[in-house]
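Following: one structure in structure tokens, then a few remarks.
The values are calculated or read from the model by the stated rules, or taken from the named source; none is laboratory data. Being a predicted model, the structure only gives us computed values, none of them experimental. A quick note on method: Cβ atoms are made from the backbone with ideal geometry, for glycine too, and the neighbour counts reach across all protein chains shown.
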Amino acid sequence: MDQLFTVGKSVSVFPVKAMFNETDAVLDFPVKVGVGVSSRNFKKAVDRNRIKRLLREAYRLNKQPLLDFVNANNKKVIVFFLFIDKTLPDFETLQNKIPLLIDKLIKQLNENSATNN
RNA sequence: CUACAAACCCGAACUAUCGUCUCGAAUUUAUUCGGGAAGGAAAGUCCGGACAGCAUAGAGCAACCUACCGGCGAAUAACCGGCUUCAAGUUUUCUUGAAAGAGAAAGUGCCGCAGAAAAUAACUGCCAUGCAAAUGGUAAAGAUGAAAAUGUGAGGUAAGAGCUCACAGCUGUUAAUGGUAACAGUAACAGCGGGUAAACCUUGGGUGCUGUAAUGCCACGUAUAGAGCCGUUUUGAGAGCUGCUCGUUCAAGGCUCAGGGUAGGCAGCAACAGGUAAACAGUAAUGUUUAUCGCAGAUAAAUGAUAGUUUAGAAACAGAAUCCGGCUUAUGAGGUUUGUAGUUUU
């Protein structure tokens with residue numbers, strides 16, 4: 001976790017920020033994902049739970065491109081989605097934004113591998 | 001009928017597709033099938049317990065909690081019923097609400113402003129003496145205040161005064177009566193110089209400390225290395241008795257610094273002061289019996305998305321983290337009851 005936040009890079013499509021890090025560690029799955037909301041912005045546990053559920057659901061419905069990319073390039077990635085707005089979202093906006101974010105994420109990963117090589 | 005306020009009830013159901021956590025079974029060991037998956041407050045953490053660890057010779061002091069009576073219960077100051085006092089109302093009764101309900105006759109302190117005076121009272125006044133100034137007596141009348149020395153009448157007196165008497169009010173003691181009791185009304189006797197204990201205090205009763213990140217077990221790992229100080233059969237370091245003192249018990253290792261390592265798993269942990277329904281007992285809290293049900297268990301932390309149907313409506317407050325009882329606070333629509341206001345009809 002600490003490594004992800006200190007070393008990892010980030011891309012964002014408002015209202016969601018994705019922090020990610022490629023890793024060499026042995027993982028059971030090619031992609032590991034977490035979601036989070038700041039308790040500073042949302043005091044009630046109910047609201048935080050709600051946002052985390054919506055983020056999970058939106059990721060679940062749109063994860064296929066990322067998985068395809070990662071499998072094709074034989075990478076292992078850790079991603080953490082952080083919600084950065086201060087008002088409750090509805091599911092539709094997240095449904096629209098998450099694919100954009102994942103596109104951006106794939107592009108970044110691609111550039112990284114290019115520079116490394 | 002409408003609006004508002006308060007109290008209580010309730011806190012959607014079903015189907016399809018995809019998905020999360022968990023339990024059980026099966027096997028091809030990562031899949032399939034089946035079951036279950038937040039609340040009335042899960043919240044605040046204000047009380048009380050269960051459970052766990054440590055302690056459990058004693059004495060004194062301190063600290064804290066508590067304070068009408070009975071019942072219920074594992075337990076509580078907090079629940080139920082009653083008593084007393086106070087407040088409001090439609091005021092003998094009654095209804096509703098509140099109580100921080102032991103003691104002000106142990107002591108100390110305090111009582112703003114006003115007022116002469118806020119507690120061993122004397123400004124104006126009244127009476128006596130005196131030419132007067134003043135001295136003494138007095139507490140009827142006046143003014144202030146939230147509160148002014150129990151109220152009314154009569155006697156009494158220089159003037160007055162519970163000084164005396166009658167009636168009334170209040171306090172205490174005793175007696176019998178009613179009540180389990182708090183207490184009630186009655187009688188007799190003694191008395192009547194305020195309030196504040198949510199100021200200190202006094203009295204009665206009580207209290208070991210810490211909380212599931214408790215605690216027990218397993219695995220893995222390091223430096224079997226270093227520095228300083230104190231001490232080992234009496235000149236004993238230090239530790240326990242969890243605030244302090246005395247006292248007492250144990251005691252051969254202990255403390256500090258710098259550095260190194262680990263941060264995984266299992267149990268605790270989901271079957272009980274359990275839920276639901278009915279009957280019975282009780283004013284009630286609650287209890288008993290019978291039937292029936294099995295109802296979350298995560299560890300970065302699980303309940304979601306979409307579409308449709310039902311319905312008058314689906315929108316409030318809000319997310320379990322050891323468990324249970326009570327209290328407090330938040331809460332949409334709809335329903336029930338009560339109150340207030342308005343309108344219509346008779």
* Identify all residues within segment A:48-60 that are near RNA strand B (Cβ under 7 Å from one of its atoms) and under 22 Å from A:Lys107 (Cβ atoms); write none if there are none. => A:Arg60
* Asked: Does A:Lys76 meet the test of being more than 10 Å from RNA strand B (Cβ to nearest atom) and at pLDDT 80 or above?
  -> no
* Assess whether A:Ala18 counts as being within 14 Å of RNA strand B (Cβ to nearest atom) and either closer than 21 Å to A:Asn96 by Cβ or modelled with pLDDT under 75 (or both). => no
* Asked: Failed condition for A:Asn73, given (1) surrounded by fewer than 15 Cβ atoms within 10 Å (Cβ to Cβ); (2) within 18 Å of A:Val13 (Cα to Cα), with all others met?
  -> (2)
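Quick grid of which residues meet (1) touching a Cys at 6+ places or on another chain (Cβ under 7 Å); (2) closer than 20 Å to A:Glu92 by Cβ; (3) assigned to a loop (DSSP other than H, G, I, E, B):
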site: A:Lys43; (1), (2), (3): no, no, yes
site: A:Asn49; (1), (2), (3): no, yes, no
site: A:Tyr59; (1), (2), (3): no, yes, no
site: A:Phe69; (1), (2), (3): no, no, no
site: A:Ala72; (1), (2), (3): no, no, no
